[in-house]
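The values are calculated or read from the model by the stated rules, or taken from the named source; none is laboratory data. Because the structure is a prediction, the values reported are computed rather than measured. All Cβ positions, even for glycine, are placed from backbone atoms using ideal geometry, and neighbour counts span all protein chains on display. To get the accessible areas, we keep the full protein, side chains included, count just its heavy atoms, and leave off ligands, DNA and RNA. Shrake-Rupley method; radii C 1.70, N 1.55, O 1.52, S 1.80 Å.
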Amino acid sequence: MLNVNVKRVEEEEEEEESTFPVSPTGQYFTSSVLSISVISVLESEIPIDDSCTMTLLKDVFLPINPRFSSIMVRGKNGEKQWKKVEVKYKDHINVPIFPEGKSKEFYDNCFNEYLTKIAMEQLPQSKPLWEIHIFKYPTTKSSGNLVFKLHHSLGDGFSLMGALLSCLQRADNPSLPLTFPAFNSNNNNDNPNLESDYKKRFCTNVAQMVNGVVNTLLDFGWSLMKSTNLQDERTPIRSGDDGVEFRPIDITTMEFSLDHLKQIKSNLKVTINDVICGVLFLGVRLYMEETKYEQKNANSTALVLLNTRNIAGYKSLKEMLQTSNESKWGNQFAFLHVSVPKIDKEESSTNPLSFVYKAQDVIQRKRNSAAVILTGKLLDTLQKYRGPEVTSKYIRNTLKNSSMTISNMIGPMERMALANHPVKGLYFMVVGVPESLTITMMSYMGKLRVAVGTEKGLIDPQKFKCSIENAFGRIFKAAVPSASSKSTN
């Protein structure tokens, strides 16, 4: 009898060692009302040879984090836990088959439809929450595509992108590390080498503090209403229907030069984020104006996802897995409600730069606000006293009541390679979101790749793409007239 009890205790200890808790945010994303995943696409410059796939998964991908070889289970008290399991690699690798010898345009359509298909499918809970799709057919943009689909409960964009980049090397010299664009601060007011008038600084600080308190109360109150009862109008970019996250989507992409964005930034004395938001907001309004003129200025809200880590770039995976590190692995982000500026009469053609300045005003005001912090505290409180299901419903309402989600990631400056396959381009898309429009951005080799996920049957993807490109062209022409005149000569 004693031996039986000892054996039972040993088994329970082994089971406890093989399990570890799911983060609160991870639980939100795997609830009865919300299941969100991230799709990352790597475009290969050469035809894909998948003979080393199993080796890469076993030796490179799985060791990155134990979550990649774990499934979600319920603990003794009903809490969700990660449990280590044996990974059956073949169950996670998908190689679609299409007719041979067709045109690149034919395979463009095949790939787009395939992305739509995997975006709609739920990842099975009976195995680790990731899968790989190898599209071996040449398209107009690449010689093949490697698609990673990872559940958002595994980590946020920063963590997942760090994991993906750890599998890649510099194409020119694998022994050198990848480098990323520098983050430049615009806050030069607190230079310790400059003398300043104490009274002036005191008055300025008091005014900023009062302004910050007011902005915080207004922003948090508005965010609270947007997450509960206040919905955006039904418009050409928002159906507002229940179950929109289960409908098929189109994923289209476009590219902009980072040098052109920096030219606009320099001439207007704003930030890159101001320029990008100005382009997106103007493009959205142009699309709404062309699609349904009377709704061109309908109330529309963008949810901007923010990485809450206090960092200046990606860290090594070893650093990310350290719990004391500011860049630690997991879901560390918050969302910010931003009203899409309205378009004045003839404003888009006569003064497109107003959208950049409007974006700058909104972003600066949001920065002088602690609403994001209060929202995070609210979610923590809901989790503590009401549980993850109630918190997940709150997050779902936040998403559903808005018109779009915007998120961005910083990519490397050098060309990358995966198993000697040079990566021509990469982008990502968040799927399973209860919205009709999702916009993501990824920089890579001096380009900004913008991906747009649109609800099929509601938003015309090519028309929307043209509206964003048109907005960029108008803003660039107005901000950098010298470059525009050169291109016409």
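Observations
- Virtual spin-label span in nm between Asp380 and Gln122, 7 Å along Cα→Cβ: 3.2 nm
- Inter-probe distance in nm under a simple model that places probes 7 Å from Cα toward Cβ, at Asn297 and Ala171: 4.8 nm
- FRET efficiency for the Lys342 to Val390 pair, using the beta carbon distance and R₀ = 51 Å, is estimated at 0.90.
- Averaged over its residues, the range 64-143 has an accessible area of 53 Å² per residue, based on protein heavy atoms and a 1.4 Å probe.
- Between Met445 and Leu230, the simple spin-label model (points 7 angstrom out along Cα→Cβ) gives 4.5 nm.
- At full extension, Ser482 and Met254 could sit 79.7 nm farther apart than now, given 0.36 nm per residue minus the alpha carbon distance.
- For the range 366-489, the solvent-accessible area of protein heavy atoms averages 40 Å² per residue (probe radius 1.4 Å; ligands and nucleic acids excluded).
- Here the range 243-261 is scanned for amide nitrogen atoms under 20 Å from the site 7 Å beyond the Cα of Met413 along Cα-to-Cβ, giving 256-261.
- Taking 0.36 nm per residue of separation and subtracting the current Cα-Cα distance, fully stretching the chain between Lys141 and Ser18 would add 40.0 nm.
- Long pairs among Lys377/Lys456; Lys424/Lys465; Lys149/Lys447; Lys226/Lys358; Lys104/Lys456, criterion Cα-Cα beyond 31 Å: Lys377/Lys456
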